[in-house]
Amino acid sequence: METPVSHARMPDLELDFAVLLRLADAVGADDMVNVLELILGSVPVMYRELRTAATGGNRRGVGYIAHQLRSECAHVGATRLASRLEQLEESSRGGALAQLTAEVENIAAQIERFLDLLESVRRAHLH
């Protein structure tokens, strides 16, 4: 089944469109929009919580939130970002706190690109 995702013209930066296509085929167009809207709403909140945990020195919080974010991202094909979040989750178990905080800050641009691409996919599903 061909979906609007297959027609979305986006650079191949952060999303594995095959994963999105499988998800769209599995849930249908209406539910796909709902899934995307849920993720678009939750990821920014989780990232803010991740930054707060990192700047507050809460390693356990960083690991927990990185794990949640990784799941959300992997679910819609953001495999590179999910891998980076997995590394962050592992880093939260040891190492210098300043390095952990820097890693969290460095992920910000990748999260923004992911959200921009996901929003483009959502808009494509609305047409």
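What number of residues in the stretch 64-83 are assigned to a helix (DSSP H, G or I) and buried (at least 18 other Cβ atoms within 10 Å of the Cβ)? Explain how you work it out, then say what you get.
As a first pass, look at the stretch 64-83 and keep what is assigned to a helix (DSSP H, G or I): 64-75, 79-83.
Remaining after also requiring buried (at least 18 other Cβ atoms within 10 Å of the Cβ): 65-66, 69-70, 72-73, 81-82.
Number satisfying all stated conditions: 8.
I need a count of the residues in the stretch 83-92 that are aliphatic (A, V, I, L, M) and in contact (Cβ under 8 Å) with a residue 24 or more places away in the chain.
Filtering the stretch 83-92 down to residues aliphatic (A, V, I, L, M) leaves 85, 88.
With the extra rule that they be in contact (Cβ under 8 Å) with a residue 24 or more places away in the chain, the set shrinks to 88.
Result for the stretch 83-92: 1.
If a residue has to be within 18 Å of the chain's Cα centre (by Cα) and touching a residue at least 12 places away in the same chain (Cβ under 8 Å) to count, how many in the stretch 93-127 make the cut? Spell out how you get there, then give the answer.
Kept after step one, since they are within 18 Å of the chain's Cα centre (by Cα), are these residues of the stretch 93-127: 103-123.
Cutting the leftovers down to touching a residue at least 12 places away in the same chain (Cβ under 8 Å) gives us 103-105, 107-108, 110-111, 113-115, 117-122.
Looking only at that region, the number is 16.
Since residue 52 meets every condition but one in (1) modelled with pLDDT of 95 or more; (2) under 28 Å from residue 18 (Cα atoms), which condition does it not meet?
Only one criterion is unmet by residue 52, namely (2).
In the stretch 84-123, what residues are among the hydrophobic types (A, V, I, L, M, F, W, C) and either surrounded by 17 or more Cβ atoms within 10 Å (Cβ to Cβ) or in contact with an Asp or Glu (Cβ under 6 Å, 6 or more places away or on another chain) (or both)?
Just the residues of the stretch 84-123 that are among the hydrophobic types (A, V, I, L, M, F, W, C), to begin with: 85, 88, 96-98, 100, 102, 104, 107-109, 111, 114-115, 117-118, 121.
85, 88, 100, 104, 107, 111, 114, 115, 117, 118, 121, listed by residue number.
Out of the residues in the stretch 1-38 that are of a type outside the set (Phe, Trp, Tyr) and under 12 Å from residue 78 (Cα atoms), state the one that is modelled with the lowest pLDDT. So that I can check it myself, show each step before the final result.
Of the residues in the stretch 1-38, the ones of a type outside the set (Phe, Trp, Tyr) are 1-16, 18-38.
Retained after the next criterion (residues that are under 12 Å from residue 78 (Cα atoms)): 12-16, 18-20.
Details: 12: 40, 13: 52, 14: 69, 15: 82, 16: 88, 18: 90, 19: 91, 20: 88.
Taking the candidates together, the pick is 12.
State all residues of the stretch 38-63 that are surrounded by 14 or more Cβ atoms within 10 Å (Cβ to Cβ) and either small (Gly, Ala, Ser) or more than 20 Å from residue 102 (Cβ to Cβ) (or both); if no residue qualifies, say none.
Hits for the stretch 38-63 are 39, 40, 43, 53, 54, 61, 63.
Collect the residues in the stretch 11-63 that are without any contact (Cβ under 8 Å) to a residue 40 or more places away in the chain, closer than 15 Å to residue 122 by Cβ and assigned to a helix (DSSP H, G or I), keeping them in residue-number order.
21, 27, 30, 31, 34, 38, 41, 42
Residue 60 versus (1) basic (Lys, Arg); (2) farther than 15 Å from residue 15 by Cα; (3) in contact with a Leu (Cβ under 7 Å, 6 or more places away or on another chain): which is the lone unmet condition?
Residue 60 satisfies all of (1) basic (Lys, Arg); (2) farther than 15 Å from residue 15 by Cα; (3) in contact with a Leu (Cβ under 7 Å, 6 or more places away or on another chain) except (3).
The values are calculated or read from the model by the stated rules, or taken from the named source; none is laboratory data. Bear in mind that the values here come from a model prediction, so they are computed numbers and not experimental data. Using ideal geometry, Cβ is built from the backbone for each residue, glycine included, and neighbour counts are taken over all protein chains shown.
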